[in-house]
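Data block below; observations after.
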């Protein structure tokens, strides 16, 4: 039996948000029927579309025809889930909105992926990745990468990636809760929600400026990329190739210093080993220059061989996504699989030990599947719609640190799971960074139990909790769980129903399986940063001044996204495991790694076959991909992002221009979509401020949004669209008091789930142990022995 056997999905939409969502579900055994309209959209011709179609059956239907609408209704009566990214207005016009379909098919779960949410002035704007990124201030984060002023086109489609994974999680959580007896739910996520995970505490800092004063300047616009930290430094090797280091913790940086013969810096009285810097700027910059010169003394292959052999150094070489398809770690861990006779494509989302994915080609003949559905329509629900969060009653034990895995557990908490964070007495190391801001972000919604896991009594307490849990989640490197006595074999023997999810950097196989990783590594290795740089890096050896400038640009391009990219996959993979358990009665081991998850974040190009068109490159100045899909400077030193790739959208833009009394641009000019078109549009947009263009275009459904209004933290703090879609919700913290935190990535039935703040280290230790039946005297004894910590 497959993880998602007998789950019936109808796909109605276009592009990756629906197509990759249903592809993932099909990989794990769901039956997917794709409704194909008579006129395919632009995104249906995407170079990755042959990959998106795998495992699915195609059903041609024209929903403007009465007969086809009847057929579609028959299919809905037999399906479990409808997944759509049609805009709300279009759905309502065809009586395909949730309210209408729920009245006819109360069993049906309805997953709607929007651009900007169900409410607010942007609710019916086209859902393009880069429109959402520009509007939410993401393009301001990359200012300074290009040698020009203003925001910079954002490369990796992170909003799309999160919307996909949120859809998978939301669908499976709703189906899990429904258990075939309750009414279906309205599951909604958006590209705007998809950008939530990438704010690592900025929203909180802006609400408490007196508490986090030192961070406020960092949340504002800065067009000059700062120099990298020594431990997170890019560098150029002697063969001209670029390398990335990510030795976040002191012991990792010490290993790097030993391998590069720079260890003498530890004896420098100006060196601060905790902060990994020299406390006088001149000395710090002199060491930076020395370090960069040292990396230029050997070829990248020689450095990588030494660092792989060491096993304790975080390092990689920059490469493109197409290069990553041949990366030995990605190949060894099954992230690259065949596509037809001559191609390759992205592998399964996660590796499940008992119900693994099974990737198959698209189904040529949909008739048998359709007939089987029609012969067995779904029964009417026995009960009404659930109102609780869908994972209520599911217990998750998290043993994880820093960002990726803890944020994944927090996403499960926002879906209603009871998450207990097991951390050492000193706390998760992330608590000591950024004055705890990031830890507040990634630990929201949990309880904290501080315990010495190396002590026999501490381990026994944790294993007792695990014996009653549904999910265990950790991010230890291979070998560590075995030493701690919480490896899969031990845990499975104790609790055969456990979903045991482990996440690490590279995966359990391949040359780097034993190595540590931090977020800049998959950013560099899987191709996202190379794409963000316009796939253009110098290959001739740079001088010291130029080296520092390039490394600053590279580090701004290699921002935080690989960690949240992994977090959302951890959450969706856990839901796949819980869904499999619902069918088989048994738990299993699930493996997720940062390389594979970031391949999914680059899924638009993680495919190769004869004749495939190359990934579209941005222009040299990183404005965008084409004249009708790029940034433009406007009057008053403001910027907009324009996205009108289709003929209909271009016609609507011409109407907007006519209202503004500009008639020098025609539909033919827009259809030409070349440099001359870009020059024409540039001249027009310079005549008015960005806000004026947005006010003119957005009400007419033209995706033309201001791109420089606010950096992400300020955007989440002040934006009307955020407010109207409940993307920030009230929470409470014992130290800073009441505040607004980011909302859940998925909403159900257009209601806001109650969310909780983040715990202090050991805040719930006593409460948890009491609930497990320990007496107060026993708990006091454990505290006195240093086994348990409390706040």
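Read-outs throughout are calculated quantities, based only on the coordinates presented, and are distinct from any laboratory measurement. Just so we're clear, the structure is a prediction, and the values are computed from it rather than from any experiment. Methodologically, a virtual Cβ is constructed for each residue, glycine included, from the backbone with ideal geometry; neighbour enumeration extends over all protein chains shown.
How far is the Cα center of segment 498-565 from the Cα center of segment 334-364, in Å? One Cα centre to the other: 25 Å. Which one, (1) 33.4; (2) 31.8; (3) 62.6, gives mean projected area of the Cα convex hull in nm² as derived from the coordinates shown? The value matching this structure is (1).
For the pair residue 543 and residue 682, a Förster radius of 41 Å applied to the C-beta separation gives a FRET efficiency near 0.75, rounded to the nearest 0.05.
Taking segment 462-503 and a reference point 7 angstrom along Cα→Cβ of residue 771, the backbone N atoms nearer than 13 Å belong to 465-466, 468-470.
Using R0 = 41 Å, the C-beta based FRET efficiency linking residue 214 and residue 77 works out to 0.10. A Förster radius of 35 Å combined with the Cβ-Cβ distance from residue 648 to residue 620 puts the calculated FRET efficiency at roughly 0.70.
Which shape class, rounded, prolate or oblate, goes with segment 464-530 when its Cα gyration tensor gives a ≥ b ≥ c as root eigenvalues, a/c under 1.5 marks rounded, and past that a/b bigger than b/c marks prolate? Judged from the Cα gyration tensor, segment 464-530 comes out prolate (a/c at least 1.5, a/b above b/c). Most simply put, the chain has about 45% antiparallel DSSP beta bridges, counting only bridges with both residues inside it. Available extension along the chain between residue 39 and residue 609 is 202.7 nm, counting 0.36 nm per residue and deducting the alpha carbon span.
Relative to the current alpha-carbon distance between residue 70 and residue 262, full extension at 0.36 nm per residue lengthens the span by 61.8 nm. Restricting attention to segment 624-711, close to 90% of DSSP beta bridges with both partner residues there are antiparallel.
A crude spin-label estimate for the pair residue 751 and residue 467, with each label 7 Å from Cα along the Cβ direction, gives 3.7 nm.
Per residue, the convex hull spanned by the Cα atoms of segment 202-323 amounts to 158 cubic angstrom.
Sorting the segments 538-551, 343-356 by their residues' average number of neighbouring beta-carbon atoms within 10 angstrom, most packed first, yields 343-356, 538-551. A simple spin-label model places pseudo-atoms 7 Å from Cα toward Cβ; at residue 785 and residue 365 they are separated by 6.8 nm. Each peptide among 120-129, 598-607 gets the average number of other Cβ atoms lying within 10 Å of its residues, and from highest to lowest they stand as 598-607, 120-129. Counting every alpha-carbon pair across segment 31-80, the share separated by more than 12 Å comes to 69%. Is the C-alpha gyration tensor of segment 624-711 telling us rounded, prolate or oblate? Criteria: a/c under 1.5 is rounded; beyond that, a/b larger than b/c is prolate, otherwise oblate. Judged from the Cα gyration tensor, segment 624-711 comes out rounded (a/c under 1.5).
Computed packing ranks the peptides 702-715, 88-101, 171-184 as 702-715, 171-184, 88-101, most packed first, by mean other Cβ atoms within 10 Å.
Would you mind classifying segment 32-169 by shape? Square roots of the alpha carbon gyration tensor eigenvalues, ordered a ≥ b ≥ c; an a/c under 1.5 is rounded, otherwise it is prolate if a/b is larger than b/c and oblate if not. Prolate is the answer for segment 32-169, as a/c is 1.5 or above and a/b outweighs b/c. Stretching the chain fully between residue 671 and residue 222 yields a gain of 158.1 nm (0.36 nm per residue, less the alpha carbon separation).
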